[in-house]
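Below: one structure, written as C-alpha cells.
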Amino acid sequence: MTEATIQFKHVQKRFGDNLVLPDLSFQIKRGEFVTILGTSGSGKTTTLKMINGLWQPSAGEILIDGKNINQLDLVKLRRHMGYVVQQIGLFPHMTIAQNIAVVPKLLQWDQARINARVEELLKLVQLDPNEYANRYPTQLSGGQQQRVGVARALATNPSYVLFDEPFGALDALTREELQGEIKQIHESLTDKTFMFVTHDINEALFLGQRVMVMHQGRIEQFASPAEIVRHPATPFVKKLLGTVRQNQELWREQDE
Amino acid sequence: MSDYWNANWPTMLEDMQQHLTIVLSALGAALIIAVIVILLCLHHERWLSGLTYFFSLLYSIPSFAFFALLLPLSGLGMRTAIIVLTLYAEYVLLRSFITGIQGVDPQLVEVASGMGMTSRQTFWKVQFPLALPAIFSGLQVALASTMAMATIVATINAGGLGQLLFEGLQGQQVVPILWGTILTMVLTLGCAGILWLIERACTHRWRRVLKA
C-alpha cells in the first residue's frame with residue numbers, strides 16, 4: 001500500500017499577525033520514516049502539531065487516511081497516534097509502567113493485557129522490566145527517560161508515531177545509540193509511519209527515508225537523504241550541508 | 001493556670017469543640033465551593049480571575065462589618081460565623097488552587113492532550129495530582145488563619161475559644177487569655193498534623209523520589 005496517509009493541501013498557519021506557514025503541501029506514504037529538518041522558527045514543530053490536531057490550520061486541508069482532520073474525532077485519533085516530545089514528556093507522578101499504560105488505560109484494556117504490553121515494550125526499548133517498571137521518571141537518566149517516551153508512544157501499536165525533537169537534550173553518545181534503536185524499531189514494525197522533527201542534520205539524514213527540509217515555513221526540499229546530498233535543491237540546503245562538510249574537513253586535516 | 005483548668009475544664013473543652021466545629025465547617029464549605037468553582041471555570045480564565053478578584057474584595061472587608069451586614073440575614077450565632085469564615089478562607093483556597101493548577105508544566109498538559117486525554121481526563125490525571133502540593137499548602141494557610149480568626153466570633157455569640165479571650169479581656173485576667181491562646185494553638189497544630197498526614201498519603205511516593 002503506497003497511498004498517501006498524511007496529506008497537507010495548501011495549509012496555512014498564523015499565530016496572530018505572525019504567518020508561520022504561508023502555504024504548505026506534501027504527502028507522506030504509509031510505512032515511511034520521514035524526518036523534518038529545520039532551524040528554530042522554521043515551522044517544523046507547528047507542522048507536526050497540526051498532524052495530531054493540537055493546532056488547527058488557519059487555511060487549507062489536512063487529510064489523514066484520506067479523511068479531513070476536521071471530521072475526525074481528535075481524542076480518538078490521538079490515542080492511535082504515538083507522540084514523543086523532548087525531555088519532560090513523562091508524567092513525574094506516575095511510575096514508568098503507569099506512564100506507558102496511560103493510553104491503554106484510556107482505551108480500557110484489562111490489567112493483564114496492560115502488564116504484558118508494558119513488559120514487552122520495555123524489552124523492546126532495552127530496559128529490564130523488573131528493574132525499571134516501578135521506578136519514577138526522575139530516577140532514570142535522560143536517555144532512559146527518552147526510551148520510556150518511545151515505549152509509551154508505541155503502547156497501543158499505533159499506525160503513526162510523531163517525534164518532536166525527542167533526542168535534542170541528550171549527549172552525543174546516548175543520542176547515537178537511540179537513533180540506531182529507533183531506526184531498527186521502525187524496520188521491525190511493518191506499516192508504521194514515523195514523522196520525526198529535528199534540527200540536527202546528521203540525525204535527519206541518518207533516520208529519514210525521506211527528509212523534508214524546512215526554512216521560514218516553506219519546504220526547501222523533500223527527498224531521500226542521498227538525493228539531498230547529491231543535488232541540494234536550494235542555496236539554503238547547500239548551506240546546511242556545508243555545516244557538515246566543515247566538520248569533515250577538520251577530520252580530514254587531522255588524518256593527513 | 002492549673003487551678004483555672006481544674007475549675008473550668010468542662011466549659012473549656014466545650015469551647016474547643018465549638019471552635020473546631022466552626023473552623024472545620026467553614027473550611028469544608030470553602031473547599032467544596034473552591035472545587036466547584038474551579039471545575040466550572042477551568043476553561044474560562046476570565047471568570048476565574050473575576051471570581052478571585054471578587055473574593056479578594058470580600059477578604060478585605062473587616063470582620064465586624066461583615067457580621068453587622070449579615071446579622072439581619074442570618075442572625076447572631078454559629079451560622080453567621082461559619083458564613084464569614086468560609087468567605088475569608090475561600091480567597092486563600094482559590095488563589096492557591098489556581099496557582100497550583102496553572103503552575104503545572106504546560107508542556108505536560110499538551111502532551112496529555114496529544115496522547116488523547118479529554119480535558120477532564122487531563123485535569124484529573126495530570127493537573128490535579130501535580131497541583132496537590134500547592135493545594136495542600138493552601139489548605140494549611142487557610143486552616144491556620146481560620147483557626148486564629150475564629151476566636152473573634154465569640155462576639156456574636158457563636159462560642160468557641162474566643163470566649164476565653166474575651167472573658168480575660170473583660171475581667172482583666174491573664175490566665176483565661178493564655179488558655180485561649182494555648183488551646184487555639186493546640187487545635188491548629190493538631191489539625192495541621194492531620195492535614196500533613198493526608199498530604200503525605202496522597203503524594204508521598206513520587207515526591208520523595210523528586211527530592212532524592
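No value in this document is a laboratory result; all are computed from the given coordinates. These numbers were taken from a predicted model, which means no experiment stands behind them. Note that we place each Cβ from the backbone using ideal geometry, even for glycine, and neighbour counts take in every protein chain shown.
General observations
- Percent of beta bridges antiparallel (DSSP, chain A, rounded to nearest 5): 50 percent
- For region A:81-158, averaging the sequence separation of C-alpha pairs within contact (under 8 Å, six or more residues apart) and dividing by the residue count gives a relative contact order of 52 percent.
- For the listed peptides A:129-137, B:64-72, a ranking on the average number of other beta carbons within 10 Å per residue, highest first, reads A:129-137, B:64-72.
- Most mobile of A:THR39, A:THR95, A:THR190 in a GNM of chain A (Cα contacts under 10 Å): A:THR190
- Here is the tail figure for region A:81-158: Cα pairs spaced more than 17 Å apart come to 35 percent of all pairs.
- Reduced Cα scattering model of chain A, Debye log10 I(q)/I(0), q = 0.09, 0.14, 0.16 Å⁻¹: -0.42, -0.99, -1.24
- Long pairs among A:LYS49/B:LYS125; A:LYS9/A:LYS192; A:LYS13/B:LYS125; A:LYS192/A:LYS239, criterion Cα-Cα beyond 25 Å: A:LYS13/B:LYS125; A:LYS192/A:LYS239
- The DSSP beta bridges internal to the protein assembly as shown are antiparallel in roughly 50% of cases.
- Helical contribution to [θ] at 222 nm, DSSP H n ≥ 4, -39,500 (n - 2.57), averaged over chain B, rounded to 500: -28500 deg cm²/dmol
- Over the protein assembly as shown: Rg over Rh, Cα atoms, Kirkwood Rh: 1.15
- Exercise: per-residue mean of other protein chain Cβ atoms within 10 Å, A:89-97: 5
- For chain A, hydrophobic long helices are taken as DSSP H runs at least 20 Å long by C-alpha position along their axis with mean Kyte-Doolittle hydropathy of 0.5 or more; none is present.
- Cα-based shape type of region B:29-72, given that a ≥ b ≥ c are square roots of the gyration tensor eigenvalues and the cut on a/c is 1.5: prolate
- Chain A - percent relative contact order, Cα under 8 Å, separation 6 or more: 27 percent
- Region B:1-93 - Rg over Rh from alpha carbon coordinates, Kirkwood radius: 1.13
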